[in-house]
Amino acid sequence: MTDPQDLLGAVTDPATLTWQRSTFTQNTCVEVAQVPGGALFRNSTIENSPVVPYTTDELRAFILGVKNGEFDGLLD
């Protein structure tokens, strides 16, 4: 399994990545950029937001949990 920190190694400037936002947002949200081996996340409301790496396996587990309703309580 890839170490999430390894995903940051090839990124010298996060501004050069293609960041995506959900279509359900009003321009303030979590942004994600795909990189080899996983993805990087940041908060669009924080200037120079820290970038948090997740491996493909970590993302898969989280997304499957979301689809399964495991995080529905976060929206209450």
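All conditions in (1) in contact with a Leu (Cβ under 9 Å, 6 or more places away or on another chain); (2) exposed (fewer than 10 other Cβ atoms within 10 Å of the Cβ) hold for Val51, with the sole exception of (2). Taken over region 59-76, the residue count meeting the criterion of being surrounded by 14 or more Cβ atoms within 10 Å (Cβ to Cβ) and out of contact with any strand residue (DSSP E or B) (no Cβ under 7 Å at 6 or more places or on another chain) is 0.
Looking at region 39-48, is at least one residue closer than 24 Å to Thr12 by Cβ, of a type in the set (D, E, K, R) and in contact with a strand residue (DSSP E or B) (Cβ under 6 Å, 6 or more places away or on another chain)? Yes, that holds for at least one residue. Only residues that are within 12 Å of the chain's Cα centre (by Cα), surrounded by 11 or more Cβ atoms within 10 Å (Cβ to Cβ) and among the polar types (S, T, N, Q) were counted across region 22-48, and they come to 3. Considering region 2-76, the qualifying strands (runs of 3 or more DSSP E), each wholly inside and each with 3 or more residues that are out of contact with any Pro (no Cβ under 7 Å at 6 or more places or on another chain) and of a type outside the set (Val, Ile, Thr), run over 30-35, 38-43. State whether the residues of region 4-16 include one that is modelled with pLDDT of 90 or more and either touching a Leu at 6+ places or on another chain (Cβ under 6 Å) or among the aliphatic types (A, V, I, L, M) (or both). No - not one qualifying residue is present in region 4-16.
The values are calculated or read from the model by the stated rules, or taken from the named source; none is laboratory data. What you see is a predicted model, and the numbers here were worked out from it, not measured in a lab. For neighbour counting, all protein chains shown are included, and Cβ atoms are generated from backbone atoms with ideal geometry for every residue, glycine included.
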